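A short write-up of the structure that comes next.
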Amino acid sequence: MAARPSPSRVATAPHKTSAWPLALAMICLLVYASLYPFSDWRDQGISPFRFLTAPWPKYWTGFDVAINIAGYAPVGFLLALSALRSGRITWAVTVAALGAGLLSLCMETLQSYLPSRVPSNVDLALNTLGAWLGACMAGWLEKMGVISHWSRFRARWLALDARGALVLLALWPVALLFPASVPMGLGQVFERLETALAEALADTPFLDWMPVRDIELQPLVPGAELICVALGALIPCLLGYCVIRKTWQRAVFSWVMLATGIAVSALSAALSYGPAHAWAWLDVPVRSGLALAVGLALVLLPLRRRGAAAFALLALTIHLGLLNQAPAGAYFSQTLQTWEQGRFIRFHGLAQWLGWLWPYAALLYVLARLSGREPAPVSEL
């Protein structure tokens, strides 16, 4: 009979980095944000690289500069982290900056074929600068020993197969930034999918094949909203329980995640409605739902990892079922127009797709964990 691995041996075992899948996710989101709305492609009859030698624009804003730098800094940071395993910091920083700069060049070139987008050599320069700054930050953290400290921390707290959960948990706060009809309510896509499908099948015989609802979607009653909020806040805690080794570590993690969810939801409200309304979403059902989430997170602390995955699957199923039975309110639709047409247009694609797809990615993740063999626990207490 095979012996169980000792904690010290598990702590020194190699693990797969989460930086590379996070970098791929950021690249996909940047591609969407750069090429949105993906319509009316046309050839202007000029070289798509002409913008490289065009005069610099006379007018620019600090917001444009900041968003172009900030948008590519995470990509440079994550690509550099992925390459740092080679042990050569300068090489990792250079490759990350050049790779992100090449991505920006491709995006600006493709924008030459979109009438709603304008390619810019300034955007290219700022994107590359942001990627280089992010890569330099990763190199500096490596020199200071922070990356090694994180590796030791991860070995003590997390199972070796924690990469998928870490990626999902890192993306969860970004997904919450996009305005939600129900606080903590990610994945409300049914109404939009139904409308998009009807538009795609318009003037075709396949339109008659679409099922027709007998009644309109009804707003959530306060009790259902309370459950949606509670489960939406609990789900990331359960994902963490799937990979965190000890009970007390789970308790610390759950408090951090719940506090992060509340803080990011307040930031989203401040961006959407103004700083004066940052906490307007905390009505009685929401506060009750958050309190229920805290209680459930504490009660479920002793679960084994497979049990946590099973409860996460149940929570995701109920959460998505309730959320997609409700329509988006009129006031919420006006908020989306602010994001889709206003100053958040560049960030719109990044957060919107995460808000839509995050719970379904989490659903696939917990299904994969439940279908595999559970690793032997190292220390559950």
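Restricting attention to segment 277-295, the residues that are aliphatic (A, V, I, L, M), assigned to a loop (DSSP other than H, G, I, E, B) and crowded, with 17+ Cβ neighbours inside 10 Å total 1. A Cβ distance below 7 Å, combined with a sequence gap of six or more or placement on separate chains, defines the contacts here; from segment 223-241, residues that are crowded, with 24+ Cβ neighbours inside 10 Å reach residues that are aromatic (Phe, Trp, Tyr) in the pairs Pro236/Trp172; Leu238/Phe311; Gly240/Phe253. Beta carbons closer than 8 Å, at least 6 apart along the sequence or on distinct chains, never pair a first residue in segment 267-286 that is on the phi > 0 side of the Ramachandran plot with a second that is part of a helix (DSSP H, G or I) and acidic (Asp, Glu). Taking the numbered list (1) within 22 Å of the chain's Cα centre (by Cα); (2) in a helix (DSSP H, G or I); (3) more than 28 Å from Ser371 (Cβ to Cβ); (4) in contact (Cβ under 8 Å) with a residue 60 or more places away in the chain in turn, Trp255 passes all entries but (4). Please list, ordered by first then second residue, the pairs with beta carbon atoms under 9 Å, 6 or more apart or interchain, first in segment 171-188 and at positive phi, second in a loop (DSSP other than H, G, I, E, B). From segment 171-188, the pairs are Gly187/Asn324.
Residue-wise test of (1) modelled with pLDDT of 85 or more; (2) out of contact with any helix residue (DSSP H, G or I) (no Cβ under 6 Å at 6 or more places or on another chain); (3) not in a loop (DSSP other than H, G, I, E, B).
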position	(1), (2), (3)
Ala66	no, yes, yes
Phe77	yes, no, yes
Leu81	yes, no, yes
Gly99	yes, no, yes
Glu108	yes, no, yes
Arg117	no, no, no
Leu141	yes, no, yes
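Report the residue count in segment 115-154 for those that are among the hydroxyl-bearing types (Ser, Thr, Tyr) and under 15 Å from Ile67 (Cβ atoms).
Just the residues of segment 115-154 that are among the hydroxyl-bearing types (Ser, Thr, Tyr), to begin with: 116, 120, 128, 148, 151.
Of the ones still in play, those that are also under 15 Å from Ile67 (Cβ atoms) are 120, 128.
Adding up the residues that qualify gives 2.
Can you go through Ala73, Ala66, Ala96, Ala80 and tell me which one is surrounded by fewer than 24 Cβ atoms within 10 Å (Cβ to Cβ), under 23 Å from Met144 (Cα atoms) and either of a type outside the set (D, E, K, R) or in the same structural domain as Leu141 (by TED's automatic domain parsing) (or both)? Step by step, each of Ala73, Ala66, Ala96, Ala80 is checked, and only Ala73 is surrounded by fewer than 24 Cβ atoms within 10 Å (Cβ to Cβ), under 23 Å from Met144 (Cα atoms) and either of a type outside the set (D, E, K, R) or in the same structural domain as Leu141 (by TED's automatic domain parsing) (or both).
Can Leu298 be described as crowded, with 18+ Cβ neighbours inside 10 Å and more than 23 Å from the chain's Cα centre (by Cα)? Before you say what the answer is, go through the steps one by one.
Working: crowded, with 18+ Cβ neighbours inside 10 Å: no; more than 23 Å from the chain's Cα centre (by Cα): yes.
It is false that Leu298 is crowded, with 18+ Cβ neighbours inside 10 Å and more than 23 Å from the chain's Cα centre (by Cα).
Take the conditions (1) assigned to a helix (DSSP H, G or I); (2) modelled with pLDDT under 90; (3) more than 27 Å from Pro219 (Cβ to Cβ); Arg343 misses just one of them, which is (1). Touching a residue at least 24 places away in the same chain (Cβ under 8 Å) and either of a type outside the set (A, V, I, L, M, F, W, C) or over 30 Å from Cys228 (Cβ atoms) (or both), is that true of Gly145? No; evaluated as a whole, the condition is false for this residue. What about Ala330, is it within 26 Å of Phe253 (Cα to Cα), outside the structural domain of Ile27 (by TED's automatic domain parsing) and either modelled with pLDDT under 85 or within 22 Å of the chain's Cα centre (by Cα) (or both)? The answer is no for Ala330. Being closer than 30 Å to Leu24 by Cβ, assigned to a helix (DSSP H, G or I) and modelled with pLDDT under 95 is the requirement here; does Gly355 meet it? Against the criterion (closer than 30 Å to Leu24 by Cβ, assigned to a helix (DSSP H, G or I) and modelled with pLDDT under 95), Gly355 qualifies.
The values are calculated or read from the model by the stated rules, or taken from the named source; none is laboratory data. Computed from a prediction, not measured in an experiment: that's the story for all the values here. Counting neighbours? That spans all protein chains shown, and the Cβs are built from the backbone with ideal geometry, glycine included.
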